[in-house]
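A.B. asks: Starting off with a structure, shown below.
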Amino acid sequence: MIKKILIANRGEIAVRIARTAKEMGISTVTVYAEDDHDSPHIGVADEAYCLGSGNLTDTYLNIQKIIDVTKAAKCDAIHPGYGFLSENAEFARACIDNNVVFIGPSPGVIKLMGNKREANHFVKSLGIPVLEALPVVDNFKKLPESLPPFPLLVKAVAGGGGKGMKIAGSQKELKDALESASREALTAFGNGEVYIEKLVEHARHIEVQLLGDNFGNIIHLFDRECSLQRRYQKVMEEAPSPSLTPELRKKITGAAVQIARAVSYNGAGTIEFLLGNTGDFYFLEMNTRIQVEHPVTEFITGTDIVREQILIASNNKLSFTQEELLIKGHAIEARVYAENPSDNFRPSPGKILYWWHPELTNLRVDTGIKSGYELKYQYDPMIAKIIAYGEDRGKAISKLQNGLSGTVIHGMVSNLTFLQTLTSDNNFLINKISTTYIEENLVRLNTSTRQDTSANDIMFLIAAAIIIKYNKDNSQIVENVNIWQKIGLWRHLMILTVEINKTRHEVEIKQHGKTSFLFYINGQESEISSTILKENLVFFEMDGTKYQFEYSVTTDGEIWLTGMQQTVVVKRKDILSKQVEAATELYNVEHEKTIVSPMHGKILKVLVSENCEITKNDTLLIIDSMKTENRIMAPLSGKIGKVYVKEGDQVKTNMLLAEIQ
């Protein structure tokens, strides 16, 4: 039996692997990059080793460093998790050559099935339908002689998770898509090779979870549906697929097992298919590792897939047979990302001021973050996975909605509210979706996501914000102390200007007795009393009704508030004089032609130079942030003045990149 595992990964999957290993009585070791020294995954293991500094190729993708740490820590096995080196045959071979157990399939299987193009040819030879994989060689100068009709899909031969996948709608777009996909794949997986295949529009994404041991036993753990995606990265997954009939489920799971048997698969793996509108399905790829969405399968089968991986790697037979496995109930997973859905899902790295999630029966939250942790641009934007289980799909959805609505994230833009909208969308509820559903309905979904703050809500939000602001300014947080006793510096009458989500409101505050105040907001009067402030919680009474808000305060005075079924950012604006505000407006006008970075990241490509002519919406630069390429577009036509950055530079939010004359 394996006794000590090095987890060659980070984030939530490292935390998840360590949890099962601990339950099995196995010691664990984690690794981390120097810039990742505060990641919570470090503290879940018995030991942690630093991989040094530099790019991912110098740290989490550096095979020799990880092998060296494994030896130094005297581990007898490595679990690669997902992403990074998990589907790298060279890494699996290095483990074997150094007498370390690789918790995954053999190097030969990884090399064959981990290369999507080679896997495509192999599966086609088995008589299973595939989408033709067309090779691209000689640095994209030589394209296949005969291309299918556009649109086409460019895909990386290695890795997964939607990285290195781009759509080309025309011959003009194809070269750009090839270069972009290659760069993204090289950054994420250390392999920039790509290929082209026909794009199947309005398809569904179905996958089959497999387990195989070293004794020839191979079983499936049924299916999952992962059709809700953005940028070909999954947003929500569920098991079992609500789109499969019993007959179609039998065909797809049978095809998956056939593929696994043909390669003598051992370990946990997944076969992915595209399902057409008429019930035709095509092999997409095989992931020779554990997947992000494995918890939904664990819920409906009552299994622990990580435990099975470790047992198989320890040369044990599978813990159960195919006949012993049954589908019980339904499970749905929502991925909470640090990204802005209203800005085409642009990544939003930054510090998490406050993070909290409810603890409910049949609700599981897998995460690798904590309050105060900074999500860095070098890594994946995932904050957490929220997984709900129910006796049927409707009950699972209801449980997930409760989990999402009870979760609080302060300090950065996330897709949390967007996920709440998605789980309430009628087409999702009746399963009328496809892999392009989010993209095609993004404007409508974002419009539904926006919350109109009512006049009554504004009263509560402003009251809570002012209570917090003045208590923070004038006293330390003391539990169960009425803050009206601590505000000493307030006058008997104050008029403030408060901004809620960039809309301003005038507020008049008047003392009313010893422990209460009258608030006059937008012409409406309310009495505030019985206020108590605890860490991240404020309690108060308004007009005889008690309320509770969760809050966080930034260093520059912004207050994040969650309550009234919404999260808002509140700022005091009255501290600025008319002259300062006028100067600020003048500054903004004079600098509207400057290009600043909308995020932390790394400059991948600079497409302009000084004095070159540009047209509105031209791509000026490409920034890599959270393993995603982001194009910085020209806001207007003109001529480039000065360019302040070069390829390879690291940039911060609002950093000056270029000027337009």
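Coordinate-derived values only; no laboratory data. What you see is a predicted model; the values in this text were computed from it and never measured. Because the Cβ atoms are built from the backbone with ideal geometry, glycine has one as well, and the counts that use them run over all protein chains shown.
A.B. asks: Answer with one residue from 104, 283, 130: the one whose Cα lies farthest towards the positive end of the charge dipole of the chain, charges on Cβ with Lys, Arg +1 and Asp, Glu -1.
C.D. replies: Farthest towards the positive pole: 104.
A.B. asks: What is the ratio of the Cα radius of gyration of the stretch 116-209 to 2.2 N^0.38 Å, where N is its residue count, to two decimals?
C.D. replies: On the way: Rg = 13.0 Å, N = 94, 2.2 N^0.38 = 12.4 Å.
Output field value: 1.06.
A.B. asks: Based on the mean of other Cβ atoms within 10 Å per residue, sort peptides 34-45, 208-219, 610-621, 290-301 so the most packed one is first. It would help to have the intermediate numbers written out before the result.
C.D. replies: On the way: 34-45: 17.4, 208-219: 20.0, 610-621: 14.1, 290-301: 24.2.
Order by mean packing, descending: 290-301, 208-219, 34-45, 610-621.
A.B. asks: Suppose R0 equals 41 Å. What FRET efficiency, 1/(1 + (r/R0)^6) with r the Cβ-Cβ distance, do residue 432 and residue 522 give to the nearest 0.05? Kindly include the intermediate steps, with their values, before the conclusion.
C.D. replies: Values: r = 42 Å, r/R0 = 1.01.
That gives a FRET efficiency of 0.50.
A.B. asks: Once you charge only the Cβ atoms, +1 for Lys and Arg and -1 for Asp and Glu, what is the size of the charge dipole of the stretch 272-317 about its Cα centre, to the nearest 20 debye?
C.D. replies: Details: 3 positive and 7 negative charges, 47 e Å.
That gives the stretch 272-317 a dipole magnitude of about 220 debye.
A.B. asks: If you don't mind, another one. What translational diffusion coefficient, to the nearest whole µm²/s, does the stretch 304-453 have by Stokes-Einstein, given a Kirkwood radius computed over alpha-carbon pairs, a temperature of 25 °C and 0.890 mPa s viscosity? All intermediate terms of the calculation are to be shown ahead of the outcome.
C.D. replies: On the way: Rh = 17.4 Å.
D, rounded to a whole number, is 141 µm²/s.
A.B. asks: Could you list 176, 97 so that the one with the fewest beta carbons within 10 Å of its beta carbon is first and the one with the most is last? Present the calculation step by step, with values, prior to reporting the outcome.
C.D. replies: On the way: 176 15, 97 10.
With the fewest neighbours first, 176, 97 line up as 97, 176.
A.B. asks: I would also like to ask the following. To test your reading of the geometry: what angle, between 0 and 90 degrees and rounded to tens, separates the Cα axis of helix 171-189 from the longest principal axis of the chain?
C.D. replies: Result, in degrees: 90.
A.B. asks: Along the charge dipole of the chain, Cβ charges K/R +1 and D/E -1, which of 326, 267, 220 sits furthest on the positive end?
C.D. replies: Comparing the listed Cα positions along the dipole, 267 ranks first.
A.B. asks: Considering all alpha-carbon pairs of the stretch 170-234, what whole percent are spaced by more than 17 angstrom?
C.D. replies: On the way: 1339 of 2080 pairs.
Above the 17 Å cut-off, the stretch 170-234 has 64 percent of its Cα pairs.
A.B. asks: Over the Cα atoms of the stretch 352-418, compute the convex hull volume and normalise it per residue, giving Å³.
C.D. replies: On the way: hull volume 5.8 nm³, N = 67.
It comes to 87 Å³ per residue, whole-number rounded.
A.B. asks: Under 5 Å between amide hydrogens, which residues at least 5 positions from residue 339 or on another chain qualify, with H placed 1.01 Å from N in the peptide plane?
C.D. replies: 348, 414, 415
A.B. asks: Same structure again: Please list 73-80, 533-540 highest first by mean number of surrounding beta-carbon atoms within 10 Å per residue. Show your work: numbers first, answer last.
C.D. replies: Values: 73-80: 22.1, 533-540: 17.5.
My ranking of the peptides, most packed first, is 73-80, 533-540.
A.B. asks: Peptides 645-652, 414-421: what's the order by average Cβ count within 10 Å, highest mean first? Write down the numbers at each step before the final one.
C.D. replies: Working: 645-652: 13.9, 414-421: 23.1.
Per-residue Cβ counts within 10 Å, averaged per peptide and sorted highest first, yield 414-421, 645-652.
A.B. asks: Right, here's the next one. Could you grab the Rg to Rh ratio for the stretch 588-660? Cα atoms only, Kirkwood for Rh.
C.D. replies: On the way: Rg = 11.4 Å, Rh = 12.1 Å.
Using only Cα positions, Rg/Rh for the stretch 588-660 is 0.94.
A.B. asks: Alpha carbon centre of the stretch 72-90 versus the stretch 515-530: separation in Å?
C.D. replies: Each part's Cα centre sits 60 Å from the other's.
A.B. asks: Which entries in the list 317/395; 385/652; 111/166; 328/627; 251/395; 116/163 go over 25 Å, if you measure between the two C-alpha atoms of each?
C.D. replies: Flagged as over cut-off: 317/395; 385/652; 328/627; 251/395.
A.B. asks: Tell me the Rg and the Dmax, in Å, that the Cα atoms of the stretch 4-103 produce.
C.D. replies: Just the Cα atoms of the stretch 4-103 yield Rg and Dmax of 12.0, 35 Å.
A.B. asks: Hey, which aspartates and glutamates would be in cross-link range of residue 469, C-alpha to C-alpha under 12 Å, not counting anything within fewer than 8 residues on its own chain?
C.D. replies: Reachable aspartates and glutamates: 556, 558.
A.B. asks: From Cα pairs below 8 angstrom and at least 6 apart in sequence, can you work out the relative contact order of the stretch 66-157, rounded to a whole percent? Provide the component values of the computation, followed by the final result.
C.D. replies: On the way: 69 pairs, mean separation 18.1, N = 92.
Relative contact order for the stretch 66-157 comes out at 20 percent.
A.B. asks: Quick one: if you stick a label point 7 Å off each Cα along the C-beta vector at residue 96 and residue 258, how many nm between them?
C.D. replies: 2.8
A.B. asks: So how compact is the stretch 45-98: Cα radius of gyration and Dmax in angstrom?
C.D. replies: 10.8, 28
A.B. asks: Okay, next question. Treat each spin label as a single point 7 Å out from the Cα along the C-beta direction, and report the residue 424 to residue 68 distance in nm.
C.D. replies: 5.4
A.B. asks: Now, a different point. Quick check for me: using +1 on Lys/Arg Cβ and -1 on Asp/Glu Cβ, what's the dipole size of the stretch 78-154 about its Cα centre, in debye to the nearest 20? Working shown, then result.
C.D. replies: Working: 7 positive and 7 negative charges, 16 e Å.
Roughly 80 debye, rounded to the nearest 20.
A.B. asks: Separate question: Under the definition of Cα pairs under 8 Å and six or more residues apart, what whole-number percent is the relative contact order of the chain?
C.D. replies: On the way: 1440 pairs, mean separation 61.0, N = 661.
Across the chain, relative contact order equals 9 percent.
A.B. asks: Cross-link partners among lysines for residue 172, C-alpha distance below 21 Å, same-chain residues fewer than 8 apart left out?
C.D. replies: Answer for residue 172, where 21 Å is the Cα cut-off: 141, 142, 155, 198, 605, 616, listed by chain and number.
A.B. asks: Something else: Compute, for the stretch 136-233, the length of the dipole vector about the Cα centre, with Cβ point charges of +1 (Lys, Arg) and -1 (Asp, Glu) only. Units Debye, rounded to 20. Mind dumping the intermediate values first?
C.D. replies: Details: 13 positive and 13 negative charges, 67 e Å.
Computed charge dipole of the stretch 136-233: roughly 320 debye.
A.B. asks: Can you pull the one-decimal nm distance between simple spin-label points at residue 323 and residue 613, each 7 Å off the Cα toward Cβ?
C.D. replies: Going by the 7 Å Cα→Cβ label model, 7.8 nm.
A.B. asks: So for the chain, taking the charge dipole from beta-carbon charges (+1 Lys/Arg, -1 Asp/Glu), which of 407, 461, 386 sits furthest toward the positive end?
C.D. replies: Of the options given, the answer is 386.
A.B. asks: Now for a separate question. Just want the ordering: 117, 504, 10, from fewest to most Cβ atoms lying within 10 Å of their own Cβ.
C.D. replies: Values: 117 21, 504 11, 10 25.
Listing 117, 504, 10 from fewest to most nearby Cβ atoms yields 504, 117, 10.
A.B. asks: Test of understanding: what is the full-extension gain from residue 3 to residue 646, defined as 0.36 nm times their sequence separation minus their Cα-Cα distance? Walk me through the intermediate numbers first.
C.D. replies: Working: separation 643, 0.36 × 643 = 231.48 nm, distance 4.81 nm.
Stretched out fully, the residue 3 to residue 646 stretch lengthens by 226.7 nm.
A.B. asks: Under the rule of -39500 (n - 2.57) per DSSP H run of 4 or more residues, summed and divided by the residues of the chain, what mean residue ellipticity at 222 nm is obtained, to the nearest 500 deg cm²/dmol?
C.D. replies: Details: 16 runs with 174 residues, N = 661.
Here the helix-only value at 222 nm equals -8000 deg cm²/dmol.
A.B. asks: Additional query: Using the C-alpha gyration tensor of the chain, what are the square roots of 5 times its eigenvalues, in whole angstrom, with the largest one first?
C.D. replies: On the way: eigenvalues 412, 189, 123 Å².
So the three semi-axes of the chain are 45, 31, 25 Å.
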